[in-house]
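Below is one structure, written out as structure tokens; comments come after it.
Please treat every number below as a calculation from the coordinates, not as lab data. From a predicted model like this one, the values you see are computed outputs, not experimental measurements. Every residue, glycine among them, receives a Cβ derived from its backbone with ideal geometry; neighbour counts consider all protein chains shown.
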Amino acid sequence: MIKISPSVLASDLSNLASEVVEIEKAGAEMAHLDVMDGAFVPNMSFGMPVIECLRNKSSIIFDVHLMIASPEKYAKRFIDAGADIVTFHYEACEDSAALLKQIRECGVKAAISIKPKTPAEDIFHLLDMCDMVLVMTVEPGYGGQKFMADMLPKVRAIREEATRRGLDIDIQVDGGINPETAKLAVEAGANVLVAGSSVFKSADRRAAIDALR
Ligand code: DX5
Ligand code: ZN
């Protein structure tokens, strides 16, 4: 099953709660919440206080993408704020295995993400500890960038390795996803699609979500 996770970064952040409620009603399975710290990525967005307030307004799955340095210092606080899935970057963490374990022990889903320059094979040893892997299809930091088609072999390699080992993991793609690139990503083995601009810049969010599916 394909799951759609609209990235609120492209939404009207001054009306975040109503934007999230709208995509929930429009059939999205989750809301992708991009946390940026100005250190791991050259941009800032929002943190746990915003997520905590938002938690009272919607029961949709909160898919929290941590683009932050030292994610091990903050993961627990994002879980307490209401994250259902915590994704952190392999490149930002000294002991990814320990953090994946810690996140799972808190009763939420644990996911690891790789930036475009990180080879898929670097995280193979972590696959059995992950509920989801996020393959970035742009350099993290900004919405509205162009999809990097050369990331597709990485999606394929992770799907093949997971299948070979009998692991039922979600593979998420994030960055430049629209109906055309979504098709390529799903063909390569992705099943969770993050889409910011293509959903929130569209007047009809339901149609945009349906088009991705
Ligand atoms: C980029 C973020 C993405 C971003 C996607 O660093 O992780 O989630 O919001 O935006 P679009 O879909 O516009 O590329
Ligand atoms: Zn993201």
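See the values below:
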quantity	calculated
Straight-distance crosslink candidates among lysines, where the alpha carbon sits under 24 Å from LYS109 and sequence neighbours closer than 8 are dropped	LYS3, LYS25, LYS57, LYS73, LYS76, LYS101, LYS154
Helix-only mean residue ellipticity at 222 nm for the chain, each DSSP H run of n ≥ 4 adding -39500 (n - 2.57), per residue, nearest 500	-9000 deg cm²/dmol
Qualifying trypsin sites (Lys or Arg not before Pro) for the range 127-194 [loop in DSSP, other Cβ within 10 Å: at most 10]	LYS146
Full-extension gain in nm, MET1 to GLU91, via 0.36 nm per residue minus C-alpha separation	29.5 nm
Note, ³J(HN,Hα) from phi for the range 112-121, Karplus 6.51, -1.76, 1.60, rounded to Hz, x at Gly and Pro	10, 10, 10, 6, x, 7, 8, x, 4, 4
Extension gain from GLU121 to ASN15, taking 0.36 nm per residue of separation minus the Cα-Cα distance	34.2 nm
Along principal axes, Cα extents of the chain, largest first, whole Å	41, 36, 30
